[in-house]
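Everything below concerns the one structure shown next.
The values are calculated or read from the model by the stated rules, or taken from the named source; none is laboratory data. Predicted model, so just to flag it, every value in this text is computed and none were measured. When we count neighbours, we look across all protein chains shown, and the Cβ atoms used for this are built from the backbone with ideal geometry, even at glycine.
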Amino acid sequence: MRVLETERLALRWLEDVDLGFAFLARFRGNGYACEAAAATLDYAQSALGLTRIAAIVSPGNRASRRLLARVGLQFERMVESPADSQAVCLYASTRSRPVAEAHR
């Protein structure tokens with residue numbers, strides 16, 4: 001069964017490692033994105049040793065913005081995507097401990 005439509009851990013135009021996700025419509029709203037984002041962030045920090053993780057999201061995508069905040073990323077600023085010159089929200093997190101521990 002295919003749940004993820006796309007998956008990436010880095011955009012070349014961002015200075016940071018980027019967390020990205022997109023789910024097929026029928027799988028949205030089930031908590032999969034939150035679970036996957038938290039697990040990916042934990043792995044990026046604990047196994048890969050990354051301390052700063054970023055994510056971009058369209059300003060109107062309130063569900064994804066809430067999800068990013070829930071897993072510990074904070075809004076930093078608006079940035080322009082070179083792909084289409086659209087302004088997007090940049091979220092980022094610098095962690096001293098894994099996401100799973102931070103949300104207990």
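A few remarks follow.
- Count of the range 76-96 residues, restricted to those that are of a type outside the set (Gly, Ala, Ser), farther than 13 Å from ARG52 by Cα and loosely packed, with under 14 Cβ neighbours inside 10 Å, is 6.
- Residues that are within 18 Å of ASP16 (Cβ to Cβ) and surrounded by fewer than 19 Cβ atoms within 10 Å (Cβ to Cβ), drawn from the range 59-71: ARG65, ALA69
- Residues of the range 40-52 classified as assigned to a helix (DSSP H, G or I) and either surrounded by 18 or more Cβ atoms within 10 Å (Cβ to Cβ) or touching a residue at least 40 places away in the same chain (Cβ under 8 Å) (or both), total: 6
- Restricting the range 53-81 to residues that are charged (D, E, K, R) and part of a strand (DSSP E or B), the residue that is farthest from ALA39 (Cα to Cα): GLU80
- Total residues in the range 1-17, condition among the β-branched types (Val, Ile, Thr), surrounded by 11 or more Cβ atoms within 10 Å (Cβ to Cβ) and either at pLDDT below 50 or not in a strand (DSSP E or B) (or both): 1
- Residue satisfying condition, being of a type in the set (Gly, Ala, Ser) and at pLDDT 90 or above, within set GLY20, GLY60: GLY60
- Yes/no for ALA33 being modelled with pLDDT under 90, in contact with a Ser or Thr (Cβ under 8 Å, 6 or more places away or on another chain) and in a helix (DSSP H, G or I): yes
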